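*Asks:* Here's a structure for you.
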Amino acid sequence: MKFSINRELLLKPLLLVSGAVERKSTLPILSNVLLEVSGQSLTLTATDLELEMVSYAQIDNHAEDSKVTIPARKLLDICKSLPDDSILEFELENDVIKISTGRSKYSLSTLSADDFPNIEEWKGDVEFQLLKSEFLRLIESTHFSMANQDVRYYLNGMSIETEGNEIRSVATDGHRLAICKISNESLSLPTRQVIVPRKGILEIIRLLDPIEETVKVFLGSNHIRIIDTEFSFTSKLVDGRFPDYRRVLPRNGDKILLTSREQMRQVLSRAAILSNEKFRGVRLNFSASELKITANNPEQEQAEEVIEIEFPFEDVEVGFNVSYVLDVLNAIKDTNVKFTLADANSSVVIEGADTGEATYVVMPMRL
């Protein structure tokens with residue numbers, strides 16, 4: 001193996017695949033990145049056996065087609081610290097890769113490319129194309145409601161669903177529920193549901209830019225794959241049944257509040273400062289002309305905020321985990337938000353007043 005490449009052309013694909021490199025692995029080869037040279041093309045692959053990232057670069061010249069694995073973190077750190085426009089020359093000698101640029105020389109140990117794990121080839125039985133900005137919005141609107149290390153392992157991820165011309169993302173941790181749906185008249189999809197693990201979802205958010213370019217998405221029986229011009233990302237799916245969230249959607253909400261999202265976000269953020277650090281509870285008192293928000297903590301400190309509202313219904317007092325409501329208000333982009341309530345013991349439904357693309361359900365707290 002012998003080739004040369006500009007630092008900038010190598011750094012971007014290296015950064016792309018670095019998210020899939022296993023840092024604390026018992027298998028040393030999972031800390032490495034696989035470099036494959038074929039013609040003028042360099043392919044970089046990293047995996048932790050759950051995720052696989054592949055990205056591509058063009059090289060200047062090469063001796064022959066070959067492949068090798070190199071410690072990913074060390075190669076990335078070397079690349080980052082070199083001056084812009086450096087030309088890196090790679091040469092493999094006796095299981096050692098030698099990298100030289102200008103008067104700098106580095107030798108890194110390698111491991112055999114034949115031992116590098118490869119996610120088996122598979123065909124997606126559901127395929128669709130979506131704008132990166134739409135796919136990112138679909139995931140960012142709901143990802144904060146995923147559980148984290150819950151014993152109900154199927155909650156530690158996001159349900160991606162297809163049906164007709166609609167794609168949905170659903171996440172819940174048992175205390176709150178987030179649903180976002182995007183309709184596209186050009187789609188005609190079978191009814192399908194898969195659970196993408198938390199790590200895969202966070203990696204997709206890292207990879208996608210909110211731009212008007214399309215990506216291809218493939219859903220298989222055990223994997224999801226996203227293919228872009230610059231990368232190919234594959235994640236295993238969670239093997240389990242996602243709960244039937246439609247059964248928990250509140251249907252009896254008869255009291256509606258329309259209010260400014262930003263004003264609500266600000267008063268809740270301020271009240272949260274003096275809430276109990278462990279339980280994060282705040283009390284919301286809805287009356288005809290004002291909403292009073294109070295929070296207190298074990299140190300006997302208290303916050304009280306009042307905003308003017310129009311609420312032509314009977315008074316309601318309800319407690320919530322303020323972090324859950326703030327997550328929703330940060331995710332909604334509309335100017336105004338709609339709260340739909342029933343009583344003190346029922347969950348609240350929160351939606352953007354304009355788009356209605358996403359629906360959020362937050363369970364009440366006893367305070």
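The values are calculated or read from the model by the stated rules, or taken from the named source; none is laboratory data. Because the structure is predicted, anything quoted here is derived from the model rather than measured. Here the Cβ positions follow ideal geometry from the backbone for every residue, glycine too, while neighbour counts run over all protein chains shown. In case anyone asks, the SASA skips ligands and DNA or RNA and just uses the protein heavy atoms, side chains included. Shrake-Rupley method; radii C 1.70, N 1.55, O 1.52, S 1.80 Å.
*Asks:* Cβ-Cβ below 7 Å, separation at least six or inter-chain, first residue in the range 197-208 and within 15 Å of E22 (Cα to Cα), second open to solvent by less than 20 Å² (accessible area, probe 1.4 Å) and polar (S, T, N, Q): which pairs?
*Replies:* Matching pairs, first to second residue: G200/S235.
*Asks:* Please verify whether S235 is more than 24 Å from P312 (Cβ to Cβ), assigned to a strand (DSSP E or B), in contact with a helix residue (DSSP H, G or I) (Cβ under 7 Å, 6 or more places away or on another chain) and among the polar types (S, T, N, Q), treating the condition exactly as stated. Steps first, please.
*Replies:* Details: more than 24 Å from P312 (Cβ to Cβ): yes; assigned to a strand (DSSP E or B): yes; in contact with a helix residue (DSSP H, G or I) (Cβ under 7 Å, 6 or more places away or on another chain): yes; among the polar types (S, T, N, Q): yes.
So S235 fits the description; yes.
*Asks:* Scan (1) modelled with pLDDT of 95 or more; (2) open to solvent by 40 Å² or more (accessible area, probe 1.4 Å); (3) out of contact with any helix residue (DSSP H, G or I) (no Cβ under 7 Å at 6 or more places or on another chain) for the single condition K255 breaks and write down its number.
*Replies:* For K255, the exception is condition (2).
*Asks:* I'm checking my understanding of the structure. Among residues of the range 58-72 that are in contact with a helix residue (DSSP H, G or I) (Cβ under 7 Å, 6 or more places away or on another chain) and open to solvent by 80 Å² or more (accessible area, probe 1.4 Å), which one is nearest to I29 (Cα to Cα)? Talk me through it step by step, then tell me what you get.
*Replies:* Filtering the range 58-72 for residues in contact with a helix residue (DSSP H, G or I) (Cβ under 7 Å, 6 or more places away or on another chain) gives 58, 67-69, 71-72.
From what is left, the residues that are open to solvent by 80 Å² or more (accessible area, probe 1.4 Å) are 58, 67.
Numbers: Q58: 24, K67: 14 Å.
This residue is K67.
*Asks:* Scan the range 239-246 and give yes if some residue there is of a type in the set (D, E, K, R) and within 30 Å of A344 (Cα to Cα), otherwise no. Spell out the reasoning first.
*Replies:* The initial filter retains those residues of the range 239-246 that are of a type in the set (D, E, K, R), namely 239, 241, 244, 246.
Filter again for within 30 Å of A344 (Cα to Cα), leaving 244, 246.
Yes.
*Asks:* Return yes when R265 is surrounded by 15 or more Cβ atoms within 10 Å (Cβ to Cβ), within 29 Å of V170 (Cα to Cα) and among the charged types (D, E, K, R) and no when it is not.
*Replies:* On the way: surrounded by 15 or more Cβ atoms within 10 Å (Cβ to Cβ): yes; within 29 Å of V170 (Cα to Cα): yes; among the charged types (D, E, K, R): yes.
Considered against the rule, which asks whether it is surrounded by 15 or more Cβ atoms within 10 Å (Cβ to Cβ), within 29 Å of V170 (Cα to Cα) and among the charged types (D, E, K, R), R265 comes out as yes.
*Asks:* Of all residues in the range 113-159, count the ones that are under 24 Å from N330 (Cα atoms), in a helix (DSSP H, G or I) and of a type in the set (S, T, Y).
*Replies:* Going through the range 113-159 one residue at a time, the tally reaches 2.
*Asks:* Out of curiosity, is L35 among the aliphatic types (A, V, I, L, M) and more than 22 Å from S104 (Cβ to Cβ)? Break it down stepwise before answering.
*Replies:* Details: among the aliphatic types (A, V, I, L, M): yes; more than 22 Å from S104 (Cβ to Cβ): no.
Judged against the criteria, L35 is not a match.
*Asks:* Is it the case, given these coordinates, that S107 is surrounded by fewer than 14 Cβ atoms within 10 Å (Cβ to Cβ), in contact with a Lys or Arg (Cβ under 6 Å, 6 or more places away or on another chain), among the small types (G, A, S) and over 19 Å from F218 (Cα atoms)? Show your work before the answer.
*Replies:* Working: surrounded by fewer than 14 Cβ atoms within 10 Å (Cβ to Cβ): yes; in contact with a Lys or Arg (Cβ under 6 Å, 6 or more places away or on another chain): yes; among the small types (G, A, S): yes; over 19 Å from F218 (Cα atoms): yes.
Considered against the rule, which asks whether it is surrounded by fewer than 14 Cβ atoms within 10 Å (Cβ to Cβ), in contact with a Lys or Arg (Cβ under 6 Å, 6 or more places away or on another chain), among the small types (G, A, S) and over 19 Å from F218 (Cα atoms), S107 comes out as yes.
*Asks:* Identify, by number, the condition in (1) more than 30 Å from L202 (Cα to Cα); (2) out of contact with any helix residue (DSSP H, G or I) (no Cβ under 8 Å at 6 or more places or on another chain) that A113 doesn't meet.
*Replies:* (1)
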